[in-house]
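Heads up, the thing below is written out as structure tokens.
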Amino acid sequence: MNPIHFDNRYVNLGKTFYVKTSPSPVADPGLIKFNKDLAEMLGLSVTELDSNDAAALFSGNVIPDGAVPLAMAYAGHQFGHFNPQLGDGRAILLGEIISADGDSFSMQLKGSGRTFYSRDGDGRAALGPVLREYLVSEAMAKMGVPTTRALAAVTTGEPVARERLLPGGIITRIARSFIRIGTFEYYSARGDVQAVQKLADFVIEGNYPQAAEADNPYVALLQSIVDSQAVLIAKWMQLGFIHGVMNTDNMSVAGETIDYGPCAFMDAYDHDQVFSSIDRRGRYAYSNQASIGLWNLTRLAESLLPLLAENSDPAVEVAQDVLKTYVETYQNHWLAGTQTKLGLTASSDKEKQEGDKALIEDLFNIMAANNADFTLTFFHLSRLPAENDAPSSVCDSDCRNLFDEPAQFDEWATRWRKRLGQQVQSNEDRQAMMRAVNPVYIPRNHQIEAAIRAAEDDNDFSVFHDLHEVLQKPYRQQEGKDRYMQPPEAGEVVMQTFCGT
Ligand code: AMP
Ligand code: MG
């Protein structure tokens, strides 16, 4: 039986784009988790595989017929510094699949052994980062954020050497594209305009076919990627998500969240929060994400310059015009999304928009000053009625108690209610609209850590499975699962997360 039908497009780009590499077999693969729903969406007939066969497949010990395993070339700006050669050092592309709906997806094993691009690395992944990526990427998908998906996770039965020996794991990822901004930079830095064009044509065909109709398809491609990044980062901000390493090699041209290394969701709201242990200067702090998005897109535009116009001056002008739209697109999405989080219906009236913006910013300011939990603040707000004559009343208590000084919430809530009074909408309708965008559960760092600890220390995956299950329905409160809503106790706070190596 051939469980996966590959339609290998990337390999046809030619040799400058990759190095063919097979996954290195592992000693004793064991299936942790297989994403049946995703497999069905992709039209894979792997659902009947028994767990041994699945473990063999998703560890790379068995290569499915039709796969042409390869490591992709890419470069990237890491913390602002250009590295002309990165590439898949611990990931291997198996090929593309056409889903049941006719969309193209790429399948990759991560942690599958050394490649041409491994440099000093071992090409392997520790189990912890594999579990983290599985949990967070699937939670993101269920929250409606564009993301790579997790198809399977396996243990390898082999240790990997990090600061100490850790159990190894492999994750099978699915993406609309694994091409990064850094992939374009790789060819641009080598002055290989032909390769840049080939890559651009490939991305247009696979991800932005409408761009092919434009006068200049490459300008339309740049515009599409700018738009998709602006929308993506606005979504991150609305959920309190911090990516952690927004290097250009970790930014997908398909506008999906990719490379879940030192990422985290914030608990208490803190505008300048940084989790990553390697981000000492806070380049990728929560508050910087939108502007870093533009910085990264500027690197993309530079790589595409020769395709944007015949001569360099007009090309720069075209690039600048496109990049200029980023801020407005981002701000529009951020404002509209945050209005919805607060149950405020959007309006085209500039004055009203400014009023809402101020109301929103004031809420974030008092959340920061009062250590209010990001997710719980919006969750509890989603349950409040618009009418309430007595601030600080019982019905407000869950929400106001999140604030060190509840009176600051009361004052803000009075203004919020006044604003709600200007729109005609029942409480039920407004609350439903708010609940649809304000998650009850997010993959909180201390919960992820607990799942990793149990798996690594005691070979117990039940904590992982239970957390994963809850995150399948992030917008619905589930009986007996209140502990997953809670921020960490003082002793449980995870201060830093580490790169997924
Ligand atoms: P990251 O910061 O995790 O996105 O990785 C940056 C670069 O380092 C990429 O080229 C990775 O393929 C490479 N890399 C990270 N970890 C390893 C590893 N354990 N072995 C080989 N290459 C790695
Ligand atoms: Mg990466």
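The values are calculated or read from the model by the stated rules, or taken from the named source; none is laboratory data. Please read all numbers here as calculations on a predicted model, not as lab measurements. Cβ placement follows ideal geometry from the backbone for every residue including glycine, while neighbour counts extend to all protein chains displayed. Just the protein is used for accessible areas: all its heavy atoms, side chains included, with ligands, DNA and RNA removed. Shrake-Rupley method; radii C 1.70, N 1.55, O 1.52, S 1.80 Å.
Residues considered: Ile242, Ile278. Of these, the only one that is more than 11 Å from ligand 2 (Cβ to nearest atom), under 22 Å from Asn83 (Cα atoms) and either out of contact with any Leu (no Cβ under 8 Å at 6 or more places or on another chain) or not basic (Lys, Arg) (or both) is Ile278. Here are some conditions: (1) outside any loop (DSSP other than H, G, I, E, B); (2) buried (at least 18 other Cβ atoms within 10 Å of the Cβ). Pro487 meets all but one. Which one does it not meet? Unmet for Pro487, out of (1) outside any loop (DSSP other than H, G, I, E, B); (2) buried (at least 18 other Cβ atoms within 10 Å of the Cβ): (1). Against the list (1) more than 30 Å from Glu185 (Cβ to Cβ); (2) free of Cβ contacts under 8 Å to residues at least 24 places away in the same chain, the condition Ala56 fails is (2). The set of residues in the stretch 297-330 that are farther than 19 Å from Leu199 by Cα and hydroxyl-bearing (Ser, Thr, Tyr) comprises Ser312, Thr325, Tyr326, Thr329, Tyr330. Scanning the stretch 415-428 for residues that are surrounded by 12 or more Cβ atoms within 10 Å (Cβ to Cβ) and free of Cβ contacts under 8 Å to residues at least 40 places away in the same chain yields a count of 1.
Scanning the stretch 429-439 for residues that are open to solvent by less than 70 Å² (accessible area, probe 1.4 Å) and outside any loop (DSSP other than H, G, I, E, B) yields Arg430, Gln431, Ala432, Met433, Met434. Condition check: without any contact (Cβ under 8 Å) to a residue 60 or more places away in the chain, surrounded by fewer than 22 Cβ atoms within 10 Å (Cβ to Cβ) and within 16 Å of ligand 2 (Cβ to nearest atom). Does Gly102 satisfy that? Here the answer is no, as Gly102 does not meet what is asked.
Looking only at residues in the stretch 243-262 that are among the β-branched types (Val, Ile, Thr) and either within 15 Å of ligand 1 (Cβ to nearest atom) or assigned to a helix (DSSP H, G or I) (or both), the one that is nearest to the chain's Cα centre (by Cα) is Thr257.
Screening Val145, Val130, Val136 for residues that are in contact with a Gly (Cβ under 6 Å, 6 or more places away or on another chain), away from ligand 2 (no atom under 14 Å from the Cβ) and of a type in the set (Val, Ile, Thr) leaves exactly one candidate, Val130. The lone criterion from (1) within 16 Å of ligand 2 (Cβ to nearest atom); (2) assigned to a loop (DSSP other than H, G, I, E, B); (3) more than 15 Å from the chain's Cα centre (by Cα) left unmet by Asp272 is number (1). Cβ-Cβ under 8 Å, sequence separation 6+ or interchain: first residue in the stretch 470-490 and in contact (Cβ under 8 Å) with a residue 40 or more places away in the chain, partner polar (S, T, N, Q) and not in a loop (DSSP other than H, G, I, E, B). Which pairs? The qualifying pairs are Tyr484/Gln447; Met485/Thr375; Pro488/Asn445.
Residue-by-condition table, conditions (1) touching a residue at least 24 places away in the same chain (Cβ under 8 Å); (2) assigned by TED's automatic domain parsing to the domain that holds Arg415; (3) small (Gly, Ala, Ser):
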{"residue": "Ser303", "(1), (2), (3)": "yes, no, yes"}
{"residue": "Val316", "(1), (2), (3)": "no, no, no"}
{"residue": "Leu323", "(1), (2), (3)": "yes, no, no"}
{"residue": "Glu328", "(1), (2), (3)": "no, no, no"}
{"residue": "Asn332", "(1), (2), (3)": "no, no, no"}
{"residue": "Ser347", "(1), (2), (3)": "no, yes, yes"}
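Taking the stretch 105-122 as the search range and keeping residues that are over 22 Å from the mean Cα position of the chain (by Cα) and within 15 Å of ligand 2 (Cβ to nearest atom), which one is most open to solvent (accessible area, probe 1.4 Å)? In this case the residue turns out to be Arg119. Listed by first and then second residue, the pairs with beta-carbon distance under 6 Å, at least 6 apart or on different chains, first residue in the stretch 179-195 and within 14 Å of Gly87 (Cα to Cα), second within 14 Å of ligand 1 (Cβ to nearest atom) and part of a helix (DSSP H, G or I), are Arg180/Asp249; Ile181/Thr248; Ile181/Asn296; Gly182/Thr248; Gly182/Asp249. Just wondering, is there one or more residues in the stretch 181-191 that are among the small types (Gly, Ala, Ser), farther than 30 Å from Asp272 by Cα, within 16 Å of ligand 1 (Cβ to nearest atom) and at pLDDT 95 or above? Yes: the stretch 181-191 contains one or more residues that are among the small types (Gly, Ala, Ser), farther than 30 Å from Asp272 by Cα, within 16 Å of ligand 1 (Cβ to nearest atom) and at pLDDT 95 or above.
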